[in-house]
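K.L.:
One structure is given below, represented as structure tokens, and several questions about it will come after.
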Amino acid sequence: GDVAVLVPAAGAGLRLGPGGPKALRLLAGEPLLVHAVRRVAAAPSVRLIVVAAPAAEVEAVRELLAPVAPVTVVAGGAERQESVARALAQVPADIEIVLVHDAARALTPPDLIESVAAAVRDGHPAVIPALPVVDTIKEVDPGETVLGTVDRSVLRSVQTPQGFRHDVLAAAHAAAADHLTDDAGLVEKAGRPVICVPGSELAMKITRPLDLILAEALLNLG
Ligand code: C5P
């Protein structure tokens, strides 16, 4: 394999309701992080997996993942971006492709990890999986009055893993001042092209209580 996958898993996950760090919430009896790492490890291109865990859980996460796959576990930071930066610091210079993958996208198929890595290998410095937007999207003012309807055909809902040439991701993080919700945003700010490849419904982000119910149903489908 020629790919490192960073898995930021240090978030509190408050939108899921009370119950501890989101990556450690159970889905069909196993933490989301276990589901996610198992699928990452099943992708043939993957040589190294680095997980950013909640600082208080680093040892517990090491023990949790030891039977799942060989992983490096570091303490995450206060913001997702910092968690990613700390994980990135563990990637040796000879690995040329780095993917960043949220633990919350626990059911992401290994095929999607491969297709993102392949697009980077084919020469794209930054690659993100994306799906068309299904809802009509409105722009509103602070009082919730509609300002207009956005042309849905030019919008994409983006997922992880997001894939990068190692040097491009490192440079984007080094230059990052503001906190963005995804790594491709940092690369965009740095003026580099980012391209989309088809995403997967299975790569949905488990964020709200309903998502856990949907994810459990998807798992039961096999
Ligand atoms: O909160 P959100 O769903 O956007 O988090 C996306 C991913 O980033 C999750 O896997 C979460 O654990 C991770 N994260 C992190 N460190 C933080 C905040 C979020 O690793 N400080």
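Derivation of every value follows stated rules applied to the coordinates shown; laboratory data play no part. The structure displayed is predicted, hence computed values, not measured ones. In this analysis, Cβ positions are derived from the backbone assuming ideal geometry, glycine residues included, and neighbour counts consider all displayed protein chains.
K.L.:
Being out of contact with any helix residue (DSSP H, G or I) (no Cβ under 6 Å at 6 or more places or on another chain) and within 9 Å of the ligand (Cβ to nearest atom) is the requirement here; does residue 8 meet it?
P.N.:
no
K.L.:
If you go through the stretch 1-33, how many residues are outside any helix (DSSP H, G or I) and of a type in the set (A, V, I, L, M)?
P.N.:
Adding up the residues that qualify gives 11.
K.L.:
Follow-up question, since we're still on this one. Select from the stretch 61-110 the residues that are free of Cβ contacts under 8 Å to residues at least 24 places away in the same chain, more than 9 Å from the ligand (Cβ to nearest atom) and either of a type in the set (D, E, K, R) or in a helix (DSSP H, G or I) (or both) and list them in ascending order.
P.N.:
62, 63, 94
K.L.:
Same structure again: Please work out if residue 74 is under 22 Å from residue 163 (Cα atoms), touching a helix residue (DSSP H, G or I) at 6+ places or on another chain (Cβ under 9 Å) and surrounded by 20 or more Cβ atoms within 10 Å (Cβ to Cβ).
P.N.:
yes
K.L.:
Here's a follow-up. Counting just the residues of the stretch 18-33 that are within 12 Å of the ligand (Cβ to nearest atom) and in contact (Cβ under 8 Å) with a residue 60 or more places away in the chain, which one comes out farthest from residue 121 (Cα to Cα)?
P.N.:
25
K.L.:
Would it be correct to say that residue 36 is outside any loop (DSSP other than H, G, I, E, B), within 9 Å of the ligand (Cβ to nearest atom), touching a residue at least 12 places away in the same chain (Cβ under 8 Å) and closer than 25 Å to residue 169 by Cα?
P.N.:
Yes: the conditions hold for residue 36.
K.L.:
Tally the residues that are under 13 Å from the mean Cα position of the chain (by Cα) and of a type in the set (D, E, K, R), restricting the search to the stretch 56-115.
P.N.:
Selection size over the stretch 56-115: 3.
K.L.:
Checking the structure you have, find out if any residue of the stretch 129-150 is out of contact with any Cys (no Cβ under 6 Å at 6 or more places or on another chain), touching a residue at least 24 places away in the same chain (Cβ under 8 Å) and closer than 28 Å to residue 68 by Cα.
P.N.:
Checked the stretch 129-150: at least one residue is out of contact with any Cys (no Cβ under 6 Å at 6 or more places or on another chain), touching a residue at least 24 places away in the same chain (Cβ under 8 Å) and closer than 28 Å to residue 68 by Cα.
K.L.:
Another question about this same structure. Would you tally the residues in the stretch 97-112 being surrounded by 15 or more Cβ atoms within 10 Å (Cβ to Cβ) and either under 10 Å from residue 48 (Cβ atoms) or acidic (Asp, Glu) (or both)?
P.N.:
2
K.L.:
Can you name every residue in the stretch 189-219 that is more than 16 Å from the ligand (Cβ to nearest atom), free of Cβ contacts under 8 Å to residues at least 12 places away in the same chain and either of a type in the set (Lys, Arg) or assigned to a helix (DSSP H, G or I) (or both)?
P.N.:
Result: 213, 217.
K.L.:
Tell me, yes or no, whether the stretch 41-48 has at least one residue that is farther than 19 Å from residue 214 by Cβ, within 14 Å of the ligand (Cβ to nearest atom) and surrounded by fewer than 24 Cβ atoms within 10 Å (Cβ to Cβ).
P.N.:
no
K.L.:
What pairs come out if I take residues in the stretch 5-17 that are at positive phi and pair them with residues that are charged (D, E, K, R) and near the ligand (Cβ under 6 Å from one of its atoms) whose C-beta lies under 8 Å away, six or more apart or interchain?
P.N.:
From residues that are at positive phi, the pairs are 13/22.
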